[in-house]
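Worksheet for the structure shown next.
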Amino acid sequence: MKKIIELKNITKSFDGEQPVLDNIDLDIYSNEFLTLLGPSGCGKTTLLRLIGGFETPDAGDIIFLGERINNVPPYKRNVNTVFQKYALFPHLNVFDNVAFPLKEKKVPKEEIEEKVHEMLSLVALKGFEKRSVTRLSGGQQQRVAIARALISHPQVLLLDEPLGALDLKLRKDMQVELKKIQKQTGITFIFVTHDQEEALSMSDTVVVMSEGKIHQIGTPVDIYNEPVNAFVADFIGESNILDGVMLEDYKVRFSGQTFHCLDKEFMKNEPVDVVVRPEDVDIVPVEKGQLTGVVTSVTFMGVHYEIIVDVNGFKWMIQTTDFVDVDERIGIELEPDAIHIMKKSEYSNLYGDYSSFSNELDELSEVEEEDEDE
Ligand SMILES: Nc1ncnc2c1ncn2[C@@H]1O[C@H](COP(=O)(O)OP(=O)(O)O)[C@@H](O)[C@H]1O
Ligand SMILES: [Mg+2]
């Protein structure tokens, strides 16, 4: 795979404040669908703007195909951007919006027509040429913006939360569509989102960020199965995060029991964080359980039940297709591959069980409301 962009030790702050980006190192490859994922305010947009040329780093280098481009202006970079607010020209129809970048470049008329038609069929908007963009749905406007951004064949397309304004169903459709467009064109997509599901489902590579730092770079499967620390484990999917001690290779102790795991090369008796995904917990009869606990809540989720189980004061989240009742005592079994061991980190004590589960849900809906206000 060819490296297309290299970010080397990038640091950026505004007005001499705390760095918004702190020593970012990242390689981006041709043909890659790469997603910057992290909570609101972690520096995703700033990183994208640096790549686009709308900001310059305080320190570090941005390399594009081997050349340093720190001071190259946006229009001279072979990079284009799609913003969340699509910024279409309201007085122009679909055809003229998409044709705009080529008209600016004085491309011959026939060539423009051919390219616009090619782009409109790529984004499934054939036949919409004469339609006013103000009469399009949000999803259709988004497709026009994508067609316009792709028509001049950038090598890299930057997408800053482009699906954020769409409702859930449309958003899912556009996720599939965008992925298809990326594969068809072979253009590198650098996609920004704070939605972990979106990141996992679309990307070749996910870059997990918080507070201006990159925590982990990997495939969606790696990031989900092998989170590097409690922050990543908590941010990506649901997780039960427990305090443990690595007794020796393949042997970890937590919740007063010793478990077999697949992890090794920790120090003898090293304190660790143990993560267990809710779908990896097996419910067994009480007498067969490695742990036992009492069910405190059961929520039907369609495909499975999500239950909270109190095991000596630690509240586990478990996803199961078996029906259990509130107040029932159950046994829990963990296969070695259900257990993932992480090094202790500054995030270790910030996450844990699901005792404040309903509070967490409240906080989440507040965050989403704030996002909608933006
Ligand atoms: N032009 C700017 N001037 C001052 N602060 C900024 C500017 N742009 C971004 N910031 C700050 O940098 C931080 C990261 O912002 P941003 O990159 O937009 O995060 P994200 O896209 O992950 O939500 C925020 O604290 C934000 O307030
Ligand atoms: Mg942003």
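The values are calculated or read from the model by the stated rules, or taken from the named source; none is laboratory data. Please read all numbers here as calculations on a predicted model, not as lab measurements. With ligands, DNA and RNA removed, areas are computed over all heavy atoms of the protein, side chains included. Shrake-Rupley method; radii C 1.70, N 1.55, O 1.52, S 1.80 Å.
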Whole-Å distance linking the alpha carbon centroid of region 319-340 with that of region 169-212 is 32 Å
Once normalised by the length of region 231-296, the mean sequence separation of its alpha carbon contacts under 8 Å that are 6 or more apart gives a contact order in percent of 32 percent
What helix-only [θ] at 222 nm does the chain give? Using -39500 (n - 2.57) per DSSP H run of at least 4, over all residues, to the nearest 500, the answer is -8000 deg cm²/dmol
Going residue by residue through region 58-71, the Karplus relation 6.51 cos²θ - 1.76 cosθ + 1.60 with θ = phi - 60° gives ³J(HN,Hα) values, rounded to whole Hz and with x marking Gly or Pro, of 6, 8, x, 10, 10, 10, 10, 6, x, 10, 6, 10, 2, 10
Restricted to the chain, the DSSP antiparallel beta bridge percent, nearest 5, is 75 percent
Filtered hits (lysines, Cα-Cα < 16 Å from Lys344, offset >= 8 within chain) -> Lys264, Lys268
Listed by chain and number, the residues whose amide H is under 5 Å from that of Thr188, excluding neighbours fewer than 5 places away on the same chain and using placed H, are Asn31, Glu32, Leu157
Percent relative contact order for region 239-373, counting Cα pairs under 8 Å at least six residues apart, stands at 27 percent
With the 1.4 Å probe rolled over protein heavy atoms, the chain has an accessible area per residue in Å² of 50 Å²
Residues meeting the amide H criterion for Arg131 (H placed from the backbone, H to H distance under 5 Å, 5 or more places apart or on another chain) are Val94, Phe95
So, relative contact order of region 3-225 in percent, Cα under 8 Å, 6 or more apart, is 29 percent
Distance in Å, no decimals, from the C-alpha centre of region 221-287 to the one of region 16-33 is 29 Å
